[in-house]
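Asker: Shown below is the structure under consideration.
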Amino acid sequence: MAVDHTRAPVLEALVDYRRDGRLSFTPPGHKQARGADPAVREVLGDAVFLGDVLASGGLDDRLMRGRVLQRAEELMADAVHADHTFFTTCGSSLSVKAAMLAVAGPHEKLLIGRDAHKSVASGLVLSGIEPVWVDPRWDAERHLAHPPSAEDFERAFAAHPDAKGALITSPTPYGACADLRSVAEVCHRRGVPLIVDEAWGAHLPFHPDLPSWAMDAGADICVTSIHKMGSGLEQGSVFHLRGDLVPPELLKTRADLLGTTSPSALIYAGLDGWRRQMALRGPEVMGGALELAGRVRSAIEEIDGLHVDDRDDFCGPGLADDFDPLPVVIDVTGLRITGYRAADWLREHRNLDAHLTDHRRIGAQITHGDDQETAAELLAALKDLAGAAPGLADGPRVDVPAPSGLRMTQALLPRDAFFGPAENVPTGEAAGRIAAEIITPYPPGIPAVLPGERLTEPVLRYLTSGLAAGMNLPDPSDPRLETVRVVSDAG
């Protein structure tokens, strides 16, 4: 049956709601902006409140007989070649947890790339799943992790044949991509599913020059943040399902355990509108973004002291398999400053916010929302940064260990360590103890410490020196990292 991608069921339902002049005696309590504080209305605008209606008993009737959300999800699934799609208003942090819970249960094994996002670590704590960590491919020269290879997963399955499936992150926040088709084949030979955390890949299905999309590569579940590289609002996420290894009703019930019973129609509308935009104009819109990113990359490379990491830097034997050029990752090593200091200077002096920051890089994400004007402002700001760098070069440095020094032994299940008896000890005395908390440099949000890992001096030095240099650590119990929460009497 033909699918009409000019339709947008959620947006159309919001239009009908306003046109019909519905009078609501239900939440939300602002009652279509009438009760909102005038100062708030002035900042946000009434459109936000007018679109903020109940999904059940507002956007649709109380029994959802109009199938508004279901029709929107079916259109999204068709647009990206999935069998089923589920919308969530709780971000991909929820979606990836739901996917994990649909594949493995307490004390069951799941193979996971150790470059996974914090949300995966949280999923392990909540579920009691036993992680079998698959090491990423480390670029020791650039101090960067790329997704594990199919061979890495093959070896992990050989050592743990009882694993219920695998989870891989691709693309990474840096734009590095895995050979998903080969990883999926490794899983499917064993009759188990592959979950792809493709939070950074909402745009991938819509242009042939972009890396392969997880559903087309044979993945079973794919999690995508529409708000990251797409046009969705913050927290707008979808998870897609293909094949028969994970029943759709099971995935839905797992998501229901975690999701809100008060979803935002505004976020649903953003997801619905993004799908229509890409289904109708995807190649044109994404093609423009790729052309702009190419010009921006070339221009940044001409600025003394800056280097744009490109395919030749990220891809090759022992490195990534493919590369997304839209997360423009800029190495500032040549300026003799950290990425943290560069990002802070750009915000303070040029009103420009970089995204990804680490000890030697900043990310200047280019999307279909950028144009010649925003690109020119970025380039001018980076030239000014290069000029100001000599006065910034004396800041603290991050003690980044070799790749082998970043990996620690998983001594306890994350859940057992997180919820078990714990104590705070001085960071200088924490080496050898078992961590009872997550510690995550953010962004990009890949934990350096997971509950249940036995702490080592190199990792602790990396975190304490990073904090002094400007690293953002949002999750440790002691934000100054003078102490670390560890399992009691761990020896």
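The values are calculated or read from the model by the stated rules, or taken from the named source; none is laboratory data. Keep in mind it's a predicted model, so treat the numbers as computed, not measured. Using ideal geometry, Cβ is built from the backbone for each residue, glycine included, and neighbour counts are taken over all protein chains shown. All accessible areas refer to the heavy atoms of the entire protein, side chains included, with ligands and DNA or RNA removed. Shrake-Rupley method; radii C 1.70, N 1.55, O 1.52, S 1.80 Å.
Asker: Which residue out of PRO131, PRO147, PRO173 is open to solvent by 10 Å² or more (accessible area, probe 1.4 Å), closer than 30 Å to GLU291 by Cβ and in contact (Cβ under 8 Å) with a residue 60 or more places away in the chain?
Answerer: On inspection, the qualifying residue turns out to be PRO173.
Asker: Do you know which of the residues in the stretch 74-88 that are in contact with a Ser or Thr (Cβ under 6 Å, 6 or more places away or on another chain) and surrounded by 23 or more Cβ atoms within 10 Å (Cβ to Cβ) is nearest to LEU144 (Cα to Cα)?
Answerer: Among those that are in contact with a Ser or Thr (Cβ under 6 Å, 6 or more places away or on another chain) and surrounded by 23 or more Cβ atoms within 10 Å (Cβ to Cβ), it is THR88.
Asker: If you don't mind, there's one more thing I want to ask. For ARG34, all conditions in the list (1) among the basic types (Lys, Arg); (2) assigned to a helix (DSSP H, G or I); (3) surrounded by fewer than 20 Cβ atoms within 10 Å (Cβ to Cβ) hold save one; what is the number of the exception?
Answerer: (2)
Asker: Right, another one. For the stretch 357-377, give me each residue that is farther than 30 Å from GLY432 by Cα, open to solvent by 20 Å² or more (accessible area, probe 1.4 Å), in contact with a helix residue (DSSP H, G or I) (Cβ under 7 Å, 6 or more places away or on another chain) and not acidic (Asp, Glu).
Answerer: Correct list: THR367, HIS368.
Asker: Restrict the check to the stretch 193-208 and report whether at least one residue is over 24 Å from LEU412 (Cα atoms), part of a strand (DSSP E or B) and β-branched (Val, Ile, Thr).
Answerer: Within the stretch 193-208 (the criterion being over 24 Å from LEU412 (Cα atoms), part of a strand (DSSP E or B) and β-branched (Val, Ile, Thr)), the answer is yes, since at least one residue qualifies.
Asker: Can you tell me which residue within the stretch 315-339, out of those that are assigned to a helix (DSSP H, G or I) and touching an Asp or Glu at 6+ places or on another chain (Cβ under 8 Å), is least open to solvent (accessible area, probe 1.4 Å)?
Answerer: For the stretch 315-339, the residue satisfying everything is GLY339.
Asker: Then there is this: Checking the structure you have, find out if any residue of the stretch 453-470 is modelled with pLDDT under 95 and touching a strand residue (DSSP E or B) at 6+ places or on another chain (Cβ under 9 Å).
Answerer: Yes, the stretch 453-470 contains a residue that is modelled with pLDDT under 95 and touching a strand residue (DSSP E or B) at 6+ places or on another chain (Cβ under 9 Å).
Asker: Going by the conditions given, is ARG461 in a helix (DSSP H, G or I), among the charged types (D, E, K, R) and under 29 Å from ILE362 (Cβ atoms)?
Answerer: Numbers: in a helix (DSSP H, G or I): yes; among the charged types (D, E, K, R): yes; under 29 Å from ILE362 (Cβ atoms): yes.
Yes: the conditions hold for ARG461.
Asker: Please enumerate the residues belonging to the stretch 179-191 that are in contact with a helix residue (DSSP H, G or I) (Cβ under 8 Å, 6 or more places away or on another chain) and open to solvent by 10 Å² or more (accessible area, probe 1.4 Å). Before the answer, list the steps.
Answerer: At the first step, the residues of the stretch 179-191 found to be in contact with a helix residue (DSSP H, G or I) (Cβ under 8 Å, 6 or more places away or on another chain) are 179, 182-183, 185-187, 190.
Scanning the stretch 179-191 gives ASP179, SER182, GLU185, ARG190.
Asker: Is it true that some residue in the stretch 261-269 is free of Cβ contacts under 8 Å to residues at least 40 places away in the same chain, farther than 15 Å from HIS368 by Cα and open to solvent by 80 Å² or more (accessible area, probe 1.4 Å)?
Answerer: Yes, the stretch 261-269 contains at least one residue that is free of Cβ contacts under 8 Å to residues at least 40 places away in the same chain, farther than 15 Å from HIS368 by Cα and open to solvent by 80 Å² or more (accessible area, probe 1.4 Å).
Asker: Sticking with this one: Which of the residues belonging to the stretch 438-464 are open to solvent by less than 20 Å² (accessible area, probe 1.4 Å) and of a type in the set (Ser, Thr, Tyr)?
Answerer: THR440
Asker: When you go through (1) under 26 Å from LEU280 (Cα atoms); (2) touching a residue at least 12 places away in the same chain (Cβ under 8 Å) one by one for ALA2, which number turns out not to apply?
Answerer: In the conditions (1) under 26 Å from LEU280 (Cα atoms); (2) touching a residue at least 12 places away in the same chain (Cβ under 8 Å), ALA2 misses (2) alone.
Asker: Looking only at the stretch 298-310, decide whether some residue is outside any helix (DSSP H, G or I) and touching a Cys at 6+ places or on another chain (Cβ under 9 Å). Don't jump to the end; show me each part of the working.
Answerer: At the first step, the residues of the stretch 298-310 found to be outside any helix (DSSP H, G or I) are 302-310.
Checking the rest, the ones that are also touching a Cys at 6+ places or on another chain (Cβ under 9 Å) come to none.
Checked the stretch 298-310: no residue is outside any helix (DSSP H, G or I) and touching a Cys at 6+ places or on another chain (Cβ under 9 Å).
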